[in-house]
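Each value in this text was obtained by applying a stated rule to the coordinates, not by laboratory testing. Every value quoted in this text rests on a predicted model; they were computed, and no experiment measured them. Please note: Cβ atoms are built from the backbone with ideal geometry, for glycine as well, and neighbour counts cover all protein chains shown.
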Amino acid sequence: MGYVFRLEDALRMERWETSEPGRTALRLERRLLERVWAPVHAQRVLEVGCGTGSFLRWLSGRGHAVTGVEPSWELVREAQRRLPEKISVRHGFAEDLPFSDNEFDTVALITTLEFVEKPREALAEACRVARKHVLLGVLNKWSLSACYRRLEFLWKPSLYRKASFYSVAHLKKMAGSVLHGPPPCVWRTCFLLPLWTLPHVDFLESAPWLQVHPFGHFIAMRIDLRPLTRPLQEPIMEKVMNPGRARAQTSCLRLPNNRPSVGKDAGVHAL
């Protein structure tokens with residue numbers, strides 16, 4: 001299950017996001033996620049670990065049909081109180097999502113994998129209930145800000161002591177182990193410079209040409225899902241789809257085993 005956020009944790013993060021540099025960081029994160037995700041039309045989206053629902057509200061404002069799932073009952077009630085009725089928020093855990101296979105077009109985990117106990121199981125569940133994409137927003141273990149945070153832990157208590165940071169290579173490897181092979185994916189990063197500089201260099205951090213390196217503090221990754229099996233074709237289509245294979249039976253007529261095959265000239269008598 002990992003670390004379950006309390007309401008005071010969520011409120012502390014909200015205060016950071018409404019002041020600098022948090023306000024600029026949030027805007028750049030959302031811009032990067034939208035650039036990497038690049039949906040061409042409205043989608044059914046599930047956010048895992050939705051907290052009080054700020055990301056759900058942002059997605060809903062862009063026309064998507066959104067649902068949230070959150071392990072903290074305290075935050076579920078707070079999100080339901082804040083959000084409009086059309087946005088559903090349910091209680092559940094990332095490693096055991098209460099949804100059917102392929103129920104959503106995209107499943108998003110934004111700063112969620114860092115706090116779950118079994119990230120591989122959480123990613124596998126996201127791939128199970130998603131039909132098209134899994135969208136990740138993850139803190140990078142190889143960024144300057146992550147190195148500073150690890151040093152800061154020595155003298156300052158922090159929520160991120162409970163977090164596990166990841167790299168681009170680690171995320172791709174984890175996705176490959178879940179999907180039995182490297183999946184197609186798109187990734188970018190932002191926040192190459194320390195976070196306190198963001199209000200002064202946001203124009204630089206939002207430049208697409210500066211987001212192709214693997215060392216930014218925030219990783220946005222879109223994993224494209226593909227079917228692992230091919231449905232059985234109808235017999236008449238099997239010949240078209242697989243011309244090199246043996247000829248398939250194209251008639252719905254089935255002859256008894258003890259009757260001889262009917263030739264071309266005796267077709268009427270067989271009926």
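Binning all Cα-Cα separations of the stretch 7-224 at 5 Å, short to long from zero, yields these whole-percent fractions: 1, 7, 15, 20, 21, 18, 12, 5, 1, 0. Projected onto the charge dipole of the stretch 7-224 (+1 at Lys/Arg Cβ, -1 at Asp/Glu Cβ, origin at the Cα centre), which of G176, A126, A65 gives the Cα projection farthest towards the positive end? Value: G176.
Sorting I110, I223 from the fewest to the most surrounding beta carbons within 10 angstrom yields I110, I223.
In this rough spin-label picture, where each label sits 7 Å from Cα along the Cβ direction, the S158-W73 distance is 3.3 nm. For the stretch 7-224, lysine pairs with C-alpha atoms less than 30 angstrom apart, excluding pairs fewer than eight positions apart on the same chain, total 16.
Put in order of Cβ neighbour count within 10 Å, fewest first, the listed residues F203, F93 become F203, F93.
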